[in-house]
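Since every read-out is calculated from the coordinates, none of them should be taken as a lab result. Only a predicted model underlies this, so the values are computations on that prediction, with no experimental measurement involved. Don't worry about glycine lacking a Cβ; one is built from the backbone with ideal geometry, like all the others, and counts go over all protein chains shown.
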Amino acid sequence: MSDGGGRDDLEALTPEREHALTFRWDDLPAVTSDLPGTGGRIRAESDDFDVREIPAYLPEGRGSHTYVRVEKVGLTTRDVVVALIAAGVPDRAVGVAGLKDKLARTEQWLSIPNAHADAVAALEATPGVRVLEVSRHRNKLGIGHLRGNRFRIRVRGVSAGAGERARSILAALAARGAPNYVGPQRFGRFGRNAVDGYREVHGQVMPGGPRLRRFFVAALQSQIFNALLAERVRDGRFATVVAGDWARKHDTGGTFEVLDAAAEAPRALALAISATLPLYGSKVRPSGQAAGADEAEQLRRLGLRWEQFRARRGDRRITRLVDLDATVEDEPEIAALTLAFTLPKGSYATTLVREITKVAVDAPLDATGDG
């Protein structure tokens, strides 16, 4: 293996590592594995999966940018951006706070410079898009400029008693916290985006342009996070913190280093704090003590070094989700139930739905064997 992270490092991509870099729900243990799931399937119809963006702020009604609130069905957020680009808006001038599902009915804000305000007409003419509101604001909308998303998801094909099983699981998650796994959308149709990210950080330039290559590396960062979190669920450390962790306060978002794990354990048990795990990059350094040893071992298994992520900023992602504001609506006449809940930005509804159904929702094709 070379010291410079060059192409000969790809010899380290053994079949075992390639397997470990491929997303599979079976590799991510449920926190409520002691409780039976509801079964069922999602996305049978577009209205079965409804996502509404919760903005961090609303447009003021004046400023240099036109804000457009849209509802879309059967389209990715990128599809909507492409419609604006086709109408003459430069790609970099389009602002979005987050990326929304294609196989769903979703609502979100976009922004464009006022000089291109006429492009709103292109959205109104795009099949699958409905313009709900137009306003103005002083700044471009940026990734992360949202508080979270409110979901309403119908699960069809459940058996009798599914509603009570769902409520029991949600009660357990309210006490334990829900796992913040990165969902299958990040890993591509075949669950292998992290494999391409591995090749990218080892010096092989992947096809598809800079945007896609960044996405591959993001998948690799996320696969490492999932592996570290899964290990904590398996060995019983999900609900606590360990020495060297960088823990986050759920009420304020403040982050601090855990020097005395025993002293902080009661706050973790009370869901006041949770551990964070790294999405490696230049602003993220290895943890110390026991947490650092876990991180180093995971990188070693995969033939990676954190320095290979220096081209990315990186971040720390919290391990648990709390305050889900979740409800369950029984629909026995159609053998279904509807789950409604709120998640913070960057979290995946599929992770929570899988925890409740115990079904590999949205599983990549090669991870299920049946498409």
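Some notes on this structure:
- Under the criterion of Cα pairs below 8 Å and six or more residues apart, the relative contact order for segment 57-143 equals 51 percent.
- The share of alpha-carbon pairs in segment 1-151 lying farther apart than 23 Å comes to 52%.
- Mean separation of Cα contacts under 8 Å, 6 or more apart, over the residue count of the chain: relative contact order %: 24 percent
- Protection-proxy order for peptides 338-345, 214-221, each taking the mean of Cβ atoms within 10 Å per residue, highest first: 214-221, 338-345
- Debye log10 I(q)/I(0) for the chain, one point scatterer per Cα, at q = 0.09, 0.14 Å⁻¹: -0.56, -1.32
- Using θ = phi - 60° and Karplus 6.51 cos²θ - 1.76 cosθ + 1.60, couplings along segment 92-106 (whole Hz; Gly, Pro as x): 5, 7, 7, x, 9, 8, x, 9, 10, 4, 7, 8, 6, 9, 10
- Segment 44-102 and segment 125-173: distance between their alpha carbon centers, rounded to Å: 14 Å
- Across segment 204-212, rounded Karplus estimates of 3J(HN,Hα) from the backbone phi angles (6.51 cos²θ - 1.76 cosθ + 1.60, θ = phi - 60°) give 8, 6, 7, x, x, x, x, 4, 5 Hz, Gly and Pro being marked x.
- Computed from backbone phi, the HN-Hα couplings of segment 223-234 come to 5, 5, 4, 4, 5, 5, 5, 4, 5, 5, 5, 5 Hz, rounded to whole numbers (Karplus: 6.51 cos²θ - 1.76 cosθ + 1.60, θ = phi - 60°; Gly and Pro given as x).
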